[in-house]
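Below: one structure, written as structure tokens.
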Amino acid sequence: MDIFGSTNGYHRSDEGLQLKNFLADNNGKRVAAFLYEFDKTSQEVREGLLTIVEQGPYQYRRYNKMIDCTKTIWILATNFGDSAIEKYYDRDIRGLGEDARDKAPFTGRIRLMVPFLPFSHPEQSVGLQKFFLDLTDHFRQRIDLSEDAKRYWSYWYISVVEAGKFCAKKAKRFYVAKHAARNLVGAIPDIEDKLIESYQDTDELVSEGTNESPFQKYVVKLIPARDDHYSVGVYEDQGNDDI
């Protein structure tokens, strides 16, 4: 695999790839290229990046011209934590001489390594709140019964009782350090299902005419169970209709 695509004249060379098009669009500019989960790339890909990361030139093969990447900041993200990095260094690198270390050419060009530590509990809560707000934004959209959209369950205003406590408790349940914030989204399907169930318990008919009325309002709250566990409750809000 060539991470920068095939040379001019080869099959689909005119389409370009996201990375090389980004570099070409920012020729000579101070930009950052973020490569996610770089540890999963092959040796061939890493060797393809070697010259450009060290020296800066890149041949834009779509038009066979050189691109200046000397000001590009390369950020390579991996899923390895700092403990894994330290163990690898102690086991495989610390005892090697300089000649042996030079056999890893790409890693020799890395200037700074920044370990991402596990999120603190407040940070976990903020992450979960982000996913919850994405859900509320989705349901707040106008009803659209067209064939392209098919957005039936929407035009709802959703609030949460004791939002800080809600996010903290749900984050504690779903956060897994090695997966960072990604596992927090696992709290959302249960909330979504209960919102839809609550709507289905009403006699409301889905109609685009609802878009001209106040929002259908729902309240999300924690329901204490046992052993400091909580379930999620969703209820129709009978309060102010001006929203």
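Computed from the coordinates by the stated procedures, all read-outs in this text should not be read as laboratory data. Fair warning: this is a prediction, and the values are worked out from it, not measured in the lab. Cβ sites come from the backbone with ideal geometry, for glycine too, and all protein chains shown count toward neighbours.
Over segment 121-236, Cα pairs under 8 Å with separation of 6+ residues give a relative contact order of 30 percent. Taking amide H as placed 1.01 Å from N in the peptide plane, the amide H of Val160 sits under 5 Å from that of Val220, each at least 5 places away or on another chain. Computed from label points 7 Å out along Cα-Cβ, the spacing between Val161 and Ile73 is 4.6 nm.
In this rough spin-label picture, where each label sits 7 Å from Cα along the Cβ direction, the Asp134-Ile196 distance is 1.7 nm. Amide H to amide H, with H built 1.01 Å from N, Gln59 comes under 5 Å of Ile67, counting only residues 5 or more places away or on other chains.
Between Met66 and His121, full extension at 0.36 nm per residue minus the direct alpha carbon distance yields a gain of 15.0 nm.
Sorting Val234, Val219 from the fewest to the most surrounding beta carbons within 10 angstrom yields Val219, Val234. Simple spin-label estimate for Ser213 and Val45 gives 5.1 nm between the two label positions (7 Å along the Cα-to-Cβ direction from each Cα).
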